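Notes to accompany the following structure.
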Amino acid sequence: MSAPVDTLVVPVYRNENAIDELVTAVGSISEAVPRRFEAVFVVDGSPDDSHAHLLDRLADAPFPSRIVEHARNFGSFAAIRTGMALARGEHIAVMAADLQEPPELIIEFLRRLDTQEVDIVAGERASRDDRGDLSSKLYWRLYRRFVVHDIPRDGVDVFACNSKVRDVVCSLEEVNTSLVAQLFWVGFRRELIPYDRRPRSGKSGWTFRRRVRYLSDSVFAFTDLPVRLLWIAGMLGLTLGATLAVAVIIGRLSGVIDVPGYSATVLVLIFFGSLNLVGLGIIGSYVWRAYETVKGRPGAIVRTITEYPQGGRNA
């Protein structure tokens, strides 16, 4: 089989109840794409029966596909990166398995890339039926303010790029980072396409813990904000300490303070001790991320790859 032109990458985690609908949606995309097409499903250590359901459904699917199984759960970005690295297409699109993004959006992405006028196409939420909570809005507001200034206000959940962008992104040997931030960092010609997000199929895995982890990875990987904040806090602490020292000296010389105050001493020790701990934590975060990168461990480990090269309608 000659190499397909378009590849769709779908990370799968806890989506067993949506597999039938997912395969049907991917089939509709393959029928609308005028050139060769393949789908790469990356099962990221899912504890449910997503892998077994995909094996069953894709055996008769009307499009070429591969099922890539991670040895354990490495995270959504690791799954996307694995799929992108294995993609054979000139154009690579990424879609979530929860089907909140309409399949027509992927078709539009591939059409725009086919014009060769853009290198990266991303979806920008015009509205959403799942009514994102306040914490999500606050999260992306902070992300836009401190990490990636030109990212869409509700983040990026679906995108597509050409093989050149894919090669550049996959060559970045970073761990504990943000794939979306990397897409914006590498540059190239970008276009945002608005869409209406649909209700989620299944439960969201985008927990508060994952948001904090993702934000911290993005901050430490793409901005020196923590270091600058530490420097500002240090200068404020130095100013406060100097002011307090002057006040104590004046009080001592004027006789207002007979004995150095115990409470003032304790407060100063606590303040600067805490400041030192914060500074060590920030510096330690950078050192840990550098250490993880130096170790050279892969971002994910593939356990099995099952391939259906012809698809059900061509078998």
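Tabulated values for the structure
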item	result
Residue count, segment 86-104 (criterion: under 16 Å from Gly155 (Cα atoms) and aliphatic (A, V, I, L, M))	3
Failed criterion for Ala79 (all others in (1) surrounded by fewer than 21 Cβ atoms within 10 Å (Cβ to Cβ); (2) within 18 Å of the chain's Cα centre (by Cα) hold)	(1)
From Ile282, Ile301, Ile249, Ile305, residue being over 30 Å from Leu54 (Cα atoms), of a type outside the set (Ser, Thr, Tyr) and at pLDDT 70 or above	Ile282
Of the criteria (1) without any contact (Cβ under 8 Å) to a residue 60 or more places away in the chain; (2) closer than 21 Å to Ala300 by Cβ; (3) in contact with a strand residue (DSSP E or B) (Cβ under 9 Å, 6 or more places away or on another chain), which one Asp48 fails	(3)
Pick from segment 49-76, criterion closer than 17 Å to Glu21 by Cα and acidic (Asp, Glu), ranking: nearest to the chain's Cα centre (by Cα)	Asp49
Identity of the residue in segment 1-52, assigned to a loop (DSSP other than H, G, I, E, B) and charged (D, E, K, R), that ends up least open to solvent (accessible area, probe 1.4 Å)	Asp44
Given (1) over 24 Å from Trp185 (Cα atoms); (2) in contact with a helix residue (DSSP H, G or I) (Cβ under 7 Å, 6 or more places away or on another chain); (3) crowded, with 22+ Cβ neighbours inside 10 Å, index of the condition Pro64 fails	(2)
Residue check for Ile106: open to solvent by less than 10 Å² (accessible area, probe 1.4 Å), at pLDDT 90 or above and of a type outside the set (S, T, N, Q)	yes
Unique match (being of a type in the set (Lys, Arg) and part of a helix (DSSP H, G or I)) among Arg72, Arg66, Arg81, Arg88	Arg81
Residue that is modelled with the lowest pLDDT, among those in segment 133-164 that are open to solvent by 20 Å² or more (accessible area, probe 1.4 Å) and within 17 Å of Ala96 (Cβ to Cβ)	Asp154
Residue list for segment 46-60, filter: modelled with pLDDT of 90 or more and aliphatic (A, V, I, L, M)	Ala52, Leu54, Leu55, Leu58
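The values are calculated or read from the model by the stated rules, or taken from the named source; none is laboratory data. Small disclaimer: the values here were computed from a predicted structure and weren't measured. Virtual Cβ from ideal backbone geometry, glycine too; neighbours counted across all protein chains shown. Quick note on the areas: whole protein, heavy atoms, side chains included, nothing else; ligands and nucleic acids left out. Shrake-Rupley method; radii C 1.70, N 1.55, O 1.52, S 1.80 Å.
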